[in-house]
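Contents: one structure, followed by commentary.
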Amino acid sequence: MNSYAVFLRGINVGGINIKMTELKDALGDLPFENVKTLLASGNVVLASELTAAAVKERFEKCLRDSFGYDAWVVVLDGARVADLVKACPYPPDDKSTHSYITLSSDTGVLDELFDAGSALGSAADGGVDLERLGPEALAWLAPAGGTLDSPFSKITAKARYKAATTTRNLRTMIKVRDAVAQL
């Protein structure tokens, strides 16, 4: 049995509202076990005999069929989530900054984001502190209270990236890591 974390893109913002109990119920007929939702931002942990690619396919189809929207998710095995949390060079809690991890199943999109973020320069120069964690993730810092106004957040909000990425703060990733480890 494989343990997975599933990160949904864009739910409970922008008019796509899904109650976590409804999501869990919708997933009930799929070959998933120990399904748990975390927070209201679209984080699910589960166990399955399926591959990560098959979990992604089934999960997205379930979301489309059950909730009527063009769903997009990132599926990572539990060990990979733990690796990403460990690799993040930024603190989970800091009074002046917030740490984020942006995930994507499209390496090319993350390459573009990384290049765009790097072109901004460092945070000391008004840009962003940015670190590539692997083919599916990059970590970045935003000033506390100014995440949405930060230059890199504005880049990630562009339509080109919205459909292919999802971002979680490091504290959420730690909670997901801990939940998937308990499966």
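Points to keep in mind about this one:
- Once the range 79-102 is narrowed to residues that are of a type in the set (S, T, N, Q) and over 26 Å from SER3 (Cα atoms), the residue that is surrounded by the fewest Cβ atoms within 10 Å (Cβ to Cβ) is SER96.
Residues are listed down the side, and each one gets a yes or a no for (1) free of Cβ contacts under 8 Å to residues at least 24 places away in the same chain; (2) farther than 13 Å from MET173 by Cα; (3) crowded, with 18+ Cβ neighbours inside 10 Å:
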residue: SER104; (1), (2), (3): no, yes, yes
residue: GLY108; (1), (2), (3): yes, yes, no
residue: GLY117; (1), (2), (3): no, yes, yes
residue: ALA139; (1), (2), (3): no, no, yes
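- When SER3, SER66 are checked against the criterion of being open to solvent by 50 Å² or more (accessible area, probe 1.4 Å) and in contact (Cβ under 8 Å) with a residue 12 or more places away in the chain, a single residue qualifies: SER66.
- Of all the numbered requirements in (1) over 13 Å from the mean Cα position of the chain (by Cα); (2) within 13 Å of LEU141 (Cβ to Cβ); (3) among the polar types (S, T, N, Q), THR107 misses one, and that requirement is (2).
- Candidates LEU110, LEU138, LEU50: the one that is part of a loop (DSSP other than H, G, I, E, B) and of a type outside the set (Asp, Glu) is LEU50.
- Count of the range 43-63 residues which are open to solvent by 60 Å² or more (accessible area, probe 1.4 Å) and either at pLDDT below 95 or farther than 20 Å from LEU183 by Cβ (or both): 2
- Among the candidates ALA79, ALA87, residue that is within 19 Å of TRP140 (Cα to Cα) and at pLDDT 90 or above: ALA87
- Taking every residue in the range 22-42 that is farther than 15 Å from VAL180 by Cβ and pairing it with any residue that is among the basic types (Lys, Arg), at least 6 positions away or on another chain, the pairs with Cβ-Cβ distances below 7 Å are LEU30/ARG58.
- Breaking point among (1) open to solvent by less than 20 Å² (accessible area, probe 1.4 Å); (2) closer than 21 Å to LEU8 by Cβ, for LEU133: (1)
- Scanning the range 81-107 for residues that are assigned to a loop (DSSP other than H, G, I, E, B) and of a type in the set (Lys, Arg) yields a total of 1.
The values are calculated or read from the model by the stated rules, or taken from the named source; none is laboratory data. Since we're looking at a predicted model, the values are computed, not measured. Note that we place each Cβ from the backbone using ideal geometry, even for glycine, and neighbour counts take in every protein chain shown. Remember, those area values only see protein heavy atoms, side chains included, never the ligands or the DNA or RNA. Shrake-Rupley method; radii C 1.70, N 1.55, O 1.52, S 1.80 Å.
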